[in-house]
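Contents: one structure, followed by commentary.
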């Protein structure tokens, strides 16, 4: 056997978090607060108040402790909503777990961060991994769960290794394992990595993948709360959701709610990417105006604002005039016709051709369709080929209606949301930028002079 | 290369690494470790051969076809030998807006390869990839699956290639 492949020292080419996380341009940060890249370890986390929330609920801080019901009530009060994309109320999800179920239950963290535009969980896991471990341990206590897994995007392998190192520290210090801090609570947590499949960010595909299979989504119902990992009751939350929990327990659900706005509690980390001068992650209170967020990211680069995809590539695109007046929270973005999604804000300036932009996204969705459902497997390829021929000047005017028709025949007709995610960008692009598609068909060229 | 043999023998080092992965899961769920085991094989061999799949299937008590399903489903497993360094450049939309596509083209042109191809000296395979989850770092890419390099302007790409060549 040949020797294990040597890892070269490529550190001078690697990101250190200065640009994306330690830029000092967050507003009232909780999860990214006080981070500098070298203070990820257990002792640093404890120095900034880490594991105090776990001590509090277990009554290891000299207090009475909190019952599992009280923990869930506090999370409900906080109005924390799922940070992975769907925005489902976290406390409510936790209350669905059959606490008294007599057999094994599982807790799963979805760190399969692959929604184009999103890179927030990477910085949490790399620079503040114990916040996720503490949040998961609190969740496990609240739901009576003893085993958990963190499924981490295979493309960020160094982050997976960092998380494993943090797990070792937490186990050695008694924050994980049997009888945490001498209490009756036990929780064991492991890291699992993916290896390149966007679909595994879908929660039931993720469970299949954790079981060592192809990541093909399951039909729902049954929901994971009754039939999850290995067929056992399972709760799945996003990395950022778990990382928000220690702050809520330390400061109270009401305080968290007040940081944000009604029905949209707390802070949110937005990944602002694309045509901005200083792309990166920005943790700001829910309800922060888009214009403020854009300013934090250094403003539009290379032109004036044309369009924004406000919640990851699956979210419908919104034109500049709508975005300028919007606040960044679940309800405001939904009202404007898109979604907050994962919090990835893809900014496009006025030199960008929307046909070419849509082409790249359509290629992505047909590439990542798991192939299980016919409308998605066939439809995503159909969408891509049609956008491709429009881009190449071979489109026909009736293609625009055909694109909408194919999108209609995918959306709502598949097991999981990938079909919807492929269809929504197509419909929104044609709705808001129809003239560019028409121009491409009539003149066989872009309206804008050149694309990047 | 041992993986060319019809039978593939797992080394003691590899078994020890496999065991650490298997230990994360319930005793009757060894299959859960298949993704990690295959990535360990790939790290050591550069790719996952059918013989290696068979060895993993025996080790984990799975049907060989179930292992092959995993190798073929997930994008990052190499189903054939590649260059010594696999360079995977993200070209998805957020990266495309920040010169991800140009980075790919620059690498291809410097190394005289087509996208997906391997350089004549066998050192480099250049391929495009879907979202790495590091969009603010664009242009961004992976070196042999496990190391991410960021903000890869043409100058930095050239310096990276130089360093990899020297380390080869």
(request) Of the conditions (1) within 30 Å of residue B:140 (Cα to Cα); (2) touching a residue at least 12 places away in the same chain (Cβ under 8 Å), residue A:60 clears all except one; give me its number. (result) (1)
(message) Residues to consider are B:56, B:41, B:34; find the one that is at the interface with chain A (Cβ under 7 Å from one of its Cβ atoms) and modelled with pLDDT of 95 or more.
(response) B:34
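Evaluate region A:399-419: report whether one residue or more is out of contact with any strand residue (DSSP E or B) (no Cβ under 7 Å at 6 or more places or on another chain), within 14 Å of another protein chain (Cβ to nearest Cβ) and either modelled with pLDDT of 95 or more or not in a helix (DSSP H, G or I) (or both). Steps first, answer last, please.
First, the residues of region A:399-419 that are out of contact with any strand residue (DSSP E or B) (no Cβ under 7 Å at 6 or more places or on another chain): A:399-419.
Subsequent filtering for residues that are within 14 Å of another protein chain (Cβ to nearest Cβ) retains A:418.
Those still in the list that are either modelled with pLDDT of 95 or more or not in a helix (DSSP H, G or I) (or both) too: A:418.
For region A:399-419, residues out of contact with any strand residue (DSSP E or B) (no Cβ under 7 Å at 6 or more places or on another chain), within 14 Å of another protein chain (Cβ to nearest Cβ) and either modelled with pLDDT of 95 or more or not in a helix (DSSP H, G or I) (or both): present.
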(request) Would you point out the residue of region B:75-87, among those that are in a loop (DSSP other than H, G, I, E, B) and touching a helix residue (DSSP H, G or I) at 6+ places or on another chain (Cβ under 7 Å), that is surrounded by the most Cβ atoms within 10 Å (Cβ to Cβ)? (result) B:77
(message) Out of the residues in region A:246-274 meeting the condition of being in contact with a helix residue (DSSP H, G or I) (Cβ under 8 Å, 6 or more places away or on another chain) and at pLDDT below 95, tell me which one is farthest from the other protein chains (Cβ to nearest Cβ).
(response) A:263
(message) As an exercise: evaluate residue B:18 against (1) crowded, with 20+ Cβ neighbours inside 10 Å; (2) farther than 24 Å from residue A:8 by Cα; (3) more than 11 Å from chain A (Cβ to nearest Cβ) and give the number of the one condition it does not meet.
(response) (2)
(message) Checking the conditions here, which among A:48, A:18, A:25, A:83 is in contact (Cβ under 8 Å) with a residue 40 or more places away in the chain and within 30 Å of residue A:173 (Cα to Cα)?
(response) A:83
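Please tell me if residue A:377 is surrounded by fewer than 21 Cβ atoms within 10 Å (Cβ to Cβ) and either assigned to a helix (DSSP H, G or I) or more than 14 Å from chain B (Cβ to nearest Cβ) (or both). So that I can check it myself, show each step before the final result.
Values: surrounded by fewer than 21 Cβ atoms within 10 Å (Cβ to Cβ): yes; either assigned to a helix (DSSP H, G or I) or more than 14 Å from chain B (Cβ to nearest Cβ) (or both): yes.
Yes; evaluated as a whole, the condition is true for this residue.
Residues checked against (1) within 14 Å of chain B (Cβ to nearest Cβ); (2) buried (at least 24 other Cβ atoms within 10 Å of the Cβ):
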position	(1), (2)
A:133	no, yes
A:162	yes, no
A:181	no, no
A:185	no, no
(request) Taking the residues in region B:120-162 that are at the interface with another protein chain (Cβ under 7 Å from one of its Cβ atoms) and part of a helix (DSSP H, G or I) as candidates, determine which candidate is farthest from residue A:21 (Cα to Cα). (result) B:160
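I'd like to verify a number: residues in region A:319-329 that are surrounded by fewer than 22 Cβ atoms within 10 Å (Cβ to Cβ) and in contact with a strand residue (DSSP E or B) (Cβ under 7 Å, 6 or more places away or on another chain), how many?
So in region A:319-329, the residues surrounded by fewer than 22 Cβ atoms within 10 Å (Cβ to Cβ) come out as A:319-322, A:324-327.
Among the residues that remain, those that are also in contact with a strand residue (DSSP E or B) (Cβ under 7 Å, 6 or more places away or on another chain) are: A:319-320, A:327.
Total meeting the criteria: 3.
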(request) Answer yes or no as to whether residue B:81 is at pLDDT 95 or above and farther than 25 Å from residue A:356 by Cβ. (result) yes
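The values are calculated or read from the model by the stated rules, or taken from the named source; none is laboratory data. Only a predicted model underlies this, so the values are computations on that prediction, with no experimental measurement involved. Cβ coordinates were reconstructed from backbone atoms using ideal geometry, including for glycine residues, and neighbour counts include every protein chain displayed.
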